[in-house]
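A.B. asks: Pasting a structure below so you can have a look.
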Amino acid sequence: MGNRNVWGKSAEAISIIEAAQKSGQDVTADAYPYTAWASTITVLVPSRKDTDRDEIEKGLANVGGAEKVLITHAANRSYEMKTMAEIAASKAISPVELYIEIVKNGGAGVVCNSMSENDVKAFYTRPWVMVASDGGIGSRHPRGTGTFTRVLGRFVRENGWLGLDEAIRKMTSSPAGRLGLKDRGRIKKGMKADLVLVDPSQVIDNATFAEPQRFSSGVRAVFVNGVRVWDGAKVTGALPGIILRRRVL
């Protein structure tokens with residue numbers, strides 16, 4: 001649902017998936033809680049006809065225009081953290097001409113604010129949709145730092161889209177079960193002690209596109225394999241994590 005021309009089609013996608021589930025197909029999904037996606041600039045033109053002005057114009061229109069496309073990294077560092085509309089205006093060229101120039105000079109990373117919050121809500125309120133970040137800490141997208149606390153603070157506490165228990169299930173036992181990790185995802189004797197202690201009244205994401213690595217509020221402690229790695233204010237320096245491998249059932 002990354003383009004405006006498919007806004008509102010979440011209901012159709014949900015219907016297809018749930019029909020497959022009823023027919024016996026093992027189908028689930030995950031989603032991250034933002035209306036902006038991050039990728040490379042060339043995904044704006046699916047045909048990869050990167051000098052075709054009509055195709056470029058269409059691609060920009062599909063995401064809501066050049067003002068919705070933020071350049072996060074590029075060969076020309078002066079472009080970074082500016083929209084394509086801002087850059088094009090400063091150079092007195094069209095966004096289409098700017099796109100051609102950027103691709104010719106090696107491309108760029110972009111963030112596009114082109115998704116519908118109603119579609120995000122539609123997916124998150126389905127029991128088979130799990131929470132996932134689809135990102136890393138080094139990204140210019142805040143999803144790497146803020147995904148899970150955003151769900152707890154905004155979708156649960158502020159918006160009331162789902163209950164706290166259900167949100168936690170979507171982050172823990174549901175994905176652990178999907179990946180075949182039998183000893184994680186629940187608090188139970190014999191399970192690995194991967195634990196996060198949060199204050200439900202305070203937990204919230206603080207990461208933004210300008211400051212994507214800002215820590216969240218309301219996270220009191222984090223334990224990995226029973227070892228505290230976050231004490232509520234800073235990392236402890238402990239490194240108890242291991243590579244998790246799916247166990248074939």
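The values are calculated or read from the model by the stated rules, or taken from the named source; none is laboratory data. Given the structure is predicted, the values throughout are model-derived calculations rather than measurements. When we count neighbours, we look across all protein chains shown, and the Cβ atoms used for this are built from the backbone with ideal geometry, even at glycine.
A.B. asks: Looking at this structure, is Thr51 surrounded by fewer than 17 Cβ atoms within 10 Å (Cβ to Cβ) and over 21 Å from the mean Cα position of the chain (by Cα)?
C.D. replies: When the stated conditions are applied, Thr51 passes them.
A.B. asks: Kindly list the number of the only condition in (1) touching a helix residue (DSSP H, G or I) at 6+ places or on another chain (Cβ under 8 Å); (2) hydroxyl-bearing (Ser, Thr, Tyr); (3) modelled with pLDDT of 95 or more that fails for Tyr32.
C.D. replies: (3) is the only condition that Tyr32 fails.
A.B. asks: A further question on this structure: Look at Met1 and say whether it is closer than 24 Å to Pro142 by Cα, at pLDDT 95 or above, hydrophobic (A, V, I, L, M, F, W, C) and outside the structural domain of Pro127 (by TED's automatic domain parsing).
C.D. replies: Against the criterion (closer than 24 Å to Pro142 by Cα, at pLDDT 95 or above, hydrophobic (A, V, I, L, M, F, W, C) and outside the structural domain of Pro127 (by TED's automatic domain parsing)), Met1 does not qualify.
A.B. asks: Okay, moving on. Take region 178-193 and flag every residue that is within 18 Å of Met130 (Cβ to Cβ), among the charged types (D, E, K, R) and over 22 Å from the mean Cα position of the chain (by Cα).
C.D. replies: Lys182, Arg184, Arg186
A.B. asks: Pairs only if they're at least six apart or on different chains, beta carbon under 6 angstrom, first in region 61-81 and in contact (Cβ under 8 Å) with a residue 24 or more places away in the chain, second among the hydrophobic types (A, V, I, L, M, F, W, C) and in a helix (DSSP H, G or I); list them, first residue then second.
C.D. replies: Close Cβ pairs satisfying both conditions: Ala66/Leu60; Ala66/Met84; Ala66/Ala85; Val69/Met84; Tyr79/Ile87.
A.B. asks: Got a number for residues in region 62-114 being under 20 Å from Ala210 (Cβ atoms) and among the acidic types (Asp, Glu)?
C.D. replies: So the answer is 3.
A.B. asks: Now, a different point. Here are some residues: Leu179, Leu195, Leu244. Which one is touching a residue at least 24 places away in the same chain (Cβ under 8 Å), surrounded by fewer than 18 Cβ atoms within 10 Å (Cβ to Cβ) and over 29 Å from Ser39 (Cα atoms)? Even if it seems obvious, please write down each step before you answer.
C.D. replies: Numbers: Leu179 fails: over 29 Å from Ser39 (Cα atoms); Leu244 fails: over 29 Å from Ser39 (Cα atoms).
Result: Leu195 is the single residue among Leu179, Leu195, Leu244 that is touching a residue at least 24 places away in the same chain (Cβ under 8 Å), surrounded by fewer than 18 Cβ atoms within 10 Å (Cβ to Cβ) and over 29 Å from Ser39 (Cα atoms).
A.B. asks: Could you tell me whether region 95-104 includes any residue that is surrounded by fewer than 16 Cβ atoms within 10 Å (Cβ to Cβ), basic (Lys, Arg) and not assigned by TED's automatic domain parsing to the domain that holds Ala210?
C.D. replies: Yes, region 95-104 has at least one match.
A.B. asks: Answer with yes or no whether Ser139 is more than 24 Å from Ile14 (Cβ to Cβ) and modelled with pLDDT of 95 or more.
C.D. replies: For Ser139, the condition - more than 24 Å from Ile14 (Cβ to Cβ) and modelled with pLDDT of 95 or more - is not met.
A.B. asks: A further question follows. For region 1-26, what are the residues that are under 23 Å from Ser174 (Cβ atoms) and not in a loop (DSSP other than H, G, I, E, B)? Let's see the steps before the verdict.
C.D. replies: So the first thing to find is which residues in region 1-26 are under 23 Å from Ser174 (Cβ atoms), and the list is 1, 10-11, 13-26.
If the condition is that a residue be under 23 Å from Ser174 (Cβ atoms) and not in a loop (DSSP other than H, G, I, E, B), then Ser10, Ala11, Ala13, Ile14, Ser15, Ile16, Ile17, Glu18, Ala19, Ala20, Gln21, Lys22 are the ones that fit.
A.B. asks: Could you run through region 108-131 and say how many residues are touching a strand residue (DSSP E or B) at 6+ places or on another chain (Cβ under 6 Å) and closer than 26 Å to Gly59 by Cβ?
C.D. replies: 6
A.B. asks: Still on this structure, please answer the following. Checking Asp134 against (1) under 26 Å from Gln21 (Cα atoms); (2) modelled with pLDDT of 95 or more; (3) acidic (Asp, Glu), which test does it fail?
C.D. replies: (2)
A.B. asks: Please go through region 227-249 and give me each residue that is at pLDDT 95 or above and on the phi > 0 side of the Ramachandran plot, ordered by number.
C.D. replies: Within region 227-249, just Gly237 meets the criteria.
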